[in-house]
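Okay, so here's the structure we're looking at.
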Amino acid sequence: MSDYRHAAEIDMPASDLFAYLREPRNLPRYFPQMSQVEPQSGDTVHVEADVHGEHVEGDAWFKVDEENRSLSWGAQGSHDYRGTLSIEDLGPNECRLTVTLSSVREAADEEVRRGLEETVAALAHTAAADSDVEAAEEQGGWTGR
């Protein structure tokens, strides 16, 4: 099993980022390969994804640790994988996101690292954009000034 890790600083409060990431239905918004996630009972989620041109569907686990602002997930089978995500508070509007992935799938290290970096960048962008939209809606919408 190979392990990969990437960390990035994100310009938003740690609590806001965690609130966004802890919702499993948001996963397809920042994991481009994932097409659907439906929470089941307990920590189980049903996922659908397209991995290297192959449609993959099955159950996985998704655990939320509120106290430590961390998530863990994974699935067993031919695409056996697991991951962890943690958010460290760096100040009122800044945090550090660290994602670690472990997989048995054969892939070039550089391909996995690049994919992980792109996913973290997409995650940061999507979470910040959604946070901005929510804030605008709470204040009565965009004013256009």
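Every number in this text was worked out from the coordinates using simple rules, so none of it is lab data. None of the values given here were measured: they were computed from a predicted structure. Cβ: placed from backbone, ideal geometry, glycine included. Neighbour counts: every protein chain shown.
Between beta-carbons, use under 9 Å as the cut-off and find the net charge around residue 10, counting Lys and Arg +1, Asp and Glu -1. Walk me through the intermediate numbers first.
Values: positive: 96; negative: 9, 11, 94.
Charge balance in the 9 Å sphere: -2.
Okay, which of the range 53-82 sit inside 19 Å, backbone N to the point 7 Å along the Cα-Cβ direction of residue 40?
The answer is 55-64, 72-82, whose backbone nitrogens lie closer than 19 Å to the label point.
What are the radius of gyration and Dmax of the chain, computed over its Cα atoms and given in Å?
Here Rg and the maximum Cα pair distance are 15.9, 53 Å.
If a paramagnetic tag sat 7 Å from the Cα of residue 64 along the Cα-Cβ line, which residues of the range 34-53 would have the backbone N under 16 Å from that point?
37-46
Over all directions, what mean area does the Cα convex hull of the range 39-102 project, stated in square nanometres?
Values: hull surface 22.4 nm².
If I average the Cα hull's projected area over directions, I get 5.6 nm².
Relative contact order for the chain: what is it in percent, counting Cα pairs under 8 Å that are at least 6 residues apart? Don't jump to the answer; show the numbers that get you there.
Numbers: 245 pairs, mean separation 42.2, N = 145.
Here the relative contact order equals 29 percent.
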